[in-house]
Amino acid sequence: MLEQLLIFTRGGLILWTCKELGNALKGSPIDTLIRSCLLEERSGAASYSYDAPGASYTLKWTFHNELGLVFVAVYQRILHLLYVDELLAMVRREFSEIYDPKRTVYNDFDETFRQLRREAEARAEELKKSKQTDKPVNNKKKQGQVQKAGSDKGSKKSEGSLATDGGDGDKAKGHKLENGHSNGNHVEMEEPRAGVVNGKENTSSNISAFDVSKLQKRTKGGKKTDTVVNKGSKPDPKKKATKKNRVWDDAPPETKLDFTDPVDGNGSGNDNIEVVAANQGESMMDVEEIISSDSEGEVDDNVQKDSKPEAKKKGWFSSMFQSIAGKANLEKEDLEPALKALKDGLMTKNVAEEIAEKLCESVAASLEGKKLASFTRVSSTVQAAMEDALVRILTPRRSIDILRDVHAAKEQRKPYVVVFVGVNGVGKSTNLAKVAYWLLQHNVSVMMAACDTFRSGAVEQLRTHARRLQIPIFEKGYEKDPAIVAKEAIQEATRNGSDVVLVDTAGRMQDNEPLMRALSKLIYLNNPDLVLFVGEALVGNDAVDQLSKFNQKLADLSTSPTPRLIDGILLTKFDTIDDKVGAALSMVYISGAPVMFVGCGQSYTDLKKLNVKSIVKTLLK
């Protein structure tokens, strides 16, 4: 049974709800759908599942993009209602005819909805009955086929009995040989078997005979083929002669191929080192990044290139007239070429294929049915919609001001705890030291906790960073429980008055359940203020697997009813990827957590914020 059906605008104004249904929904499925699906560019999905205490709902929706309306139906997940999609389409069609932007009450739509609902339910019942009537017919057909097959087998057996079971094939012959009852009769049985059975066995014998004759012909003509091969091998010396121009000795390379000479010419390397040493005092987190406007021109050029083939197909006059008058309504066929080009472009920028596909589906769902404005192209409209979607995804939904949270924790006289987690070799310890350096720049007292008791050299590495930064470190050596070490470190920071505790953990793969269980225990026992996932900017499709499985394992292995998941992302090695910035989009889309830090070098100052506009423009170049 349908639980609820709502019609509301994209601005959030509810225009109509079904008063007949009037069921009180448990939890807040509509708010969750808007927050986690429609606003997160996941509207291309077919349905959304919502779990509440004592109830599980399935939500389906459709849009009227031209009018800016959203139609949502809610029903119990255990029920498989076949008419919901058709009912939503009918409601969308009928309501769009009476919709007026100035009206806010539509009580006259109640009777229309009753009729539409009865029609949809009646069609679903007819479809169900037709399926039930089709099943016995299909069963009878299958039974007839089985009987025919049985009669065929019986006739074959009767024929085989005349030939002393020769028709049973190689299996029967093998059984006779094993039981020792052949007595040389199997030689005599092979001749009548070929004569009695006129089916597949004659053809197989003919095929084998044909193959033998072919082999004989090939062996007879072997000399000719050898001569052909010998003739064909004559040009080999000529090929060797052409390679004489290449020199394979130890001669020095030519000067034009030596690219190392200009580097050491004027000692530019030493100058760069001095500049870096002079700027060591200021972290890049506090420097605002300036975006040049050149990227906008490049985006427009790409749009024009993409639109040239469409102009050739439609003709000059039709494309010109359409750009002036505007298209009536955008259809899926109009959007597909531009969306395909966008999807390919996103994947070349290292966006995971699954994420790129979902984004394109969501953009298509938001544009389908909209009227194309005058003097605009489909490709530019799609690009603008994708840009808005990417900005909306990458913009944090909550505050990521760590300094404010640190001061709030300081007022409560407790340390602010940050746990760094991630897979092996992504740079957790190095970037932990960068975060510590940035906090020291803002007069925040920091203490490190060496909870990587698994990897050899991990404690020594963190000890070196602590000595260079002149900050305290809490360590207990190796082969200790990291959860207990972190707890004791937090207690020590509380006694010493440290403002922040940065907890370093061992690298672990997302499929390693024992280590994931230990991490879940550490987070549950210490309840940190921030769980940072440290990931490489180099990964593509693997980013989706890492983050989704980390969150899933933390939720499954936690003993708390409300498990802690990943709160933020720290992207490392961002200076090595050029324009392949898609990992940031993939990680944010799959987890919903914002990118809080970006590592872009080897020194302590090489830590900065994620510039959303710069990332979006790079993705759409």
*Please give the solvent-accessible surface of D286 in Å², to the nearest 10, using a probe radius of 1.4 Å with every protein chain present.*
70
*asked:* Beyond a 21 Å Cα-Cα separation, which of these cross-linked pairs lie in this structure: K60/K349; K349/K621; K428/K609; K340/K549; K19/K370?
replied: K60/K349; K340/K549; K19/K370
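Note down the net charge around Q602, summing +1 for each Lys or Arg and -1 for each Asp or Glu among other residues with Cβ under 12 Å from its Cβ. All intermediate terms of the calculation are to be shown ahead of the outcome.
On the way: positive: K434, K573; negative: D575, D606.
My count for the surroundings of Q602 gives 0.
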_Euclidean distance between Cα centres, region 560-612 to region 489-537, Å_ = 17
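For region 496-621, what does the relative contact order come out to in percent, with C-alpha contacts under 8 Å and a separation of six or more? Write down the numbers at each step before the final one.
Values: 167 pairs, mean separation 29.5, N = 126.
Relative CO of region 496-621 lands at 23 percent.
Compute the accessible area per residue over region 329-394, keeping the other protein chains in place, probe 1.4 Å, unit Å².
Values: 2990 Å² over 66 residues.
Accessible area per residue, region 329-394: 45 Å².
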*Which whole-number percent is the relative contact order of region 329-394 (Cα, under 8 Å, 6+ apart)?*
46
*Heavy atoms of L39 accessible to a 1.4 Å probe, total area in Å² rounded to 10*: 90
*Counting only the heavy atoms of the protein chains, how much of H407 is accessible to a 1.4 Å probe, in Å² to the nearest 10?*
90
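Under a point-charge model restricted to the Cβ atoms of Lys and Arg (+1) and Asp and Glu (-1), what is the dipole moment magnitude of region 402-620 relative to its Cα centre, in debye to the nearest 20? Please list the in-between numbers first.
On the way: 26 positive and 23 negative charges, 87 e Å.
Once rounded to the nearest 20, the dipole reads 420 debye.
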_Percent accessible area from carbon and sulfur atoms, region 419-520, protein chains only, probe 1.4 Å_ = 49
*Whole-number accessible area per residue in Å² for region 445-597, which is evaluated in the context of all protein chains at 1.4 Å*: 41
*Percentage of Cα-Cα pair distances in region 344-467 greater than 21 Å, rounded to whole percent?*
63
*Quick one: net charge of R455's neighbours, Cβ under 14 Å, K/R +1, D/E -1?*
-1
*Which of the GluC sites (Glu not before Pro) found in region 467-500 are in a DSSP loop and have at most 10 neighbouring Cβ atoms, other than their own, within 10 Å?*
E479
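The values are calculated or read from the model by the stated rules, or taken from the named source; none is laboratory data. The structure displayed is predicted, hence computed values, not measured ones. Reconstructed Cβ throughout: ideal geometry from the backbone, glycine too, with neighbour counts over all protein chains shown. Keep in mind that these areas ignore ligands, DNA and RNA; they rest on the heavy atoms of the full protein, side chains included. Shrake-Rupley method; radii C 1.70, N 1.55, O 1.52, S 1.80 Å.
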